[in-house]
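Structure first, then comments.
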Amino acid sequence: MVLQHSDRMDSLFSPQTSWVSGPIIVGAGPSGLAVAASLREQGVPFTMLERADCIASLWQKRTYDRLKLHLPKQFCELPRMAFPAHYPEYPTRRQFIDYLEDYAAAFDINPLFGHTVLSARYDETSGLWRVRASSSAGAEMEYIGSWLVVATGENAESVVPDIPGIDGFGGEVVHVADYKSGEAYRGKRVLVVGCGNSGMEVSLDLCDHGARPAMVVRDAVHVLPREVLGKSTFELAVLLMAWLPLWLVDKILVLLAWLVLGNLAKLGIRRPATGPLELKNTTGRTPVLDYGALARIRSGEITVVPGVARFGRGFAELADGRVIALDAVVLATGYRSNVPQWLQGNDFFNKDGYPKTAFPNGWKGESGLYAVGFTRRGLSGASADAMRAAKDLARVWKEATKPTKKSTACHRRCISVIF
């Protein structure tokens, strides 16, 4: 049910309410941009709401300076636009941001920045979505439309663990979202809590800038070489998956990791019993790709420590009873979805903010609800969902916008019900 002329009808609606004649997209990160570009190409109008003042705010404002794409660029492209030919195989943070800004410009994507979604709910009576948002200027708006695309992604909010005593630590404590460079920590003793890709890379960055990092490795983790014989490990896995079952590919990857990286148990890093790809598919835990951190661990420049029992003023007591003196703490403890905070009255998402239906079927819910960027498969998974969602939206939008007497009557009924 859509109106075919103006996106905003002041004669019918109050100044705080806006009718959207196409999908309402929440989020202007890579997932939101991908679905918007696919919609634009098919002539479907949309309104995009973004709480930050820029596209891809995670990349622009919450990433460290040395960050590069962890996978080769061909696996990170958004639909219908390749990376520039001169980009390296692993583009830098700045290059990826430039690519996204060029992408938004090429497809004429203009989000409403500074619009934080407070709630979104489906109105059963009218058959429409009502999305309430506050602007950076303090005004509150309600956007009403037939379709809602949730594209806020897996990394909307920082995860900050509640570790006993951390409030009384006394030194600097930052989440990796606020970490930029190891230069500020030169000569300092820094504890990096977390051993995923961010934890490993931040520990390496601290080393490169003359800091003395210790890295918490509490749980078992898969560490794989970034490349094997000049070939990306991820690319190799994709190739093998085309011919072999997942369990066998996992065994091959673990064997290659052992041959290239050696026995990591000697360094205090245990491998999980479940293979890296199966673990990724079932839990979302991504294997760590080694960029040089293991060499620094072997040389003693990065110290591996077990979990933290508690913090005290200027120190951390470890799970094994040891106490280490510290100047700063970097929490490389990841991110989470924020969908449960604002999407109301809908059981398509679970309590952790992910679709209950697994990939590749978790992109569409009921009543015009779509999800993009929750596949736990990075940018390639988000792009796949975006294309599926956009194709389906184009179909239903074109059907809904066919001028019929029935649709005109429905529009009048909806307006009378809502307003």
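The values are calculated or read from the model by the stated rules, or taken from the named source; none is laboratory data. The model shown is predicted, which means the values in this text are computed figures rather than measured ones. Cβ sites come from the backbone with ideal geometry, for glycine too, and all protein chains shown count toward neighbours. Each accessible area value is taken on the protein alone, full model and side chains, heavy atoms only, with ligands, DNA and RNA left out. Shrake-Rupley method; radii C 1.70, N 1.55, O 1.52, S 1.80 Å.
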- Leu246 versus Thr282: modelled label distance in nm, points set 7 Å from Cα along the beta carbon direction: 0.9
- Sites excluded, GluC sites (Glu not before Pro) in DSSP loops with at most 11 other C-beta within 10 Å, longest stretch of the chain: 125-365
- Note on the structure: Measure of exposure for Met48: accessible area at 1.4 Å probe, Å² rounded to 10, is 0
- Quick one: Debye curve from the alpha-carbon atoms of region 159-331 only, equal weights, vacuum; give me log10 I(q)/I(0) at q = 0.12, 0.17, 0.20 Å⁻¹ to two decimals. -0.58, -1.04, -1.30
- Message: Please list, ordered by chain and number, the residues whose modelled amide H lies under 5 Å from the amide H of Lys364; skip anything fewer than 5 residues away on the same chain.
- Response: Ala371
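Antiparallel DSSP bridges in the chain: what percent, to the nearest 5? Could you put the intermediate results ahead of the total?
Details: 28 of 61 bridges.
Given both bridge residues lie in the chain, the antiparallel proportion sits at roughly 45 percent.
Using the heavy atoms of the protein chains alone and a 1.4 angstrom probe, what is the accessible area of the chain per residue in square angstrom?
45
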- Query: Amide H neighbours of Val304 under 5 Å, counting only residues 5+ apart in sequence or on other chains, H built in-plane at 1.01 Å?
  - Reply: Met215
- Message: Which one, Leu224, Val202, Ile302, projects farthest toward the positive side of the charge dipole computed for the chain from Cβ point charges (K/R +1, D/E -1)?
- Response: Leu224
- Note on the structure: Residue-normalised 222 nm signal for the chain, counting each DSSP H run of n ≥ 4 as -39,500 (n - 2.57), nearest 500 deg cm²/dmol, is -9000 deg cm²/dmol
- Query: Which of the lysines could be linked to Lys398 by a straight reach, that is with a Cα gap under 16 Å, when you skip same-chain ones fewer than 8 residues away?
  - Reply: Lys406
- Do you know the relative contact order of region 159-331, to the nearest whole percent, from alpha carbon pairs under 8 angstrom that are 6+ apart? 36
- Query: Taking the Cα centre of the chain as origin and charging only Cβ (+1 Lys, Arg; -1 Asp, Glu), how large is the dipole, in debye to the nearest 20?
  - Reply: 640
- FRET efficiency, Thr274 to Asp123 (Cβ-Cβ, R0 60 Å, nearest 0.05): 0.90
- Note on the structure: For Lys61, the aspartates and glutamates lying under 17 Å Cα to Cα, once residues fewer than eight places off in the same chain are dropped, come out as Glu50, Asp53, Asp98, Glu101, Glu154, Glu157, Asp178
- Taking a ≥ b ≥ c as the square roots of the eigenvalues of the Cα gyration tensor, with a/c under 1.5 meaning rounded and otherwise prolate when a/b exceeds b/c and oblate if not, region 94-179 is oblate
- Message: Among [x] 23.4; [y] 22.3; [z] 21.7, only one was calculated for this model; which label is it, if the read-out is Kirkwood radius over Cα pairs in Å?
- Response: [x]
- Note on the structure: Diffing region 198-210: the Karplus 3J(HN,Hα) column from phi (6.51, -1.76, 1.60, θ = phi - 60°), in whole Hz with x for Gly and Pro, holds 5, x, 5, 6, 5, 4, 5, 5, 4, 4, 4, 10, x
- Note on the structure: Carbon plus sulfur, as percent of the 1.4 Å-probe accessible area of region 159-331, comes to 56
- Pairs of lysines in region 159-331 (C-alpha under 25 Å apart; 8 or more residues apart or interchain): 6
- Message: Compute the angle between helix 246-261 and the longest alpha-carbon principal axis of the chain, please, reported from 0 to 90 degrees and rounded to the nearest 10.
- Response: 40
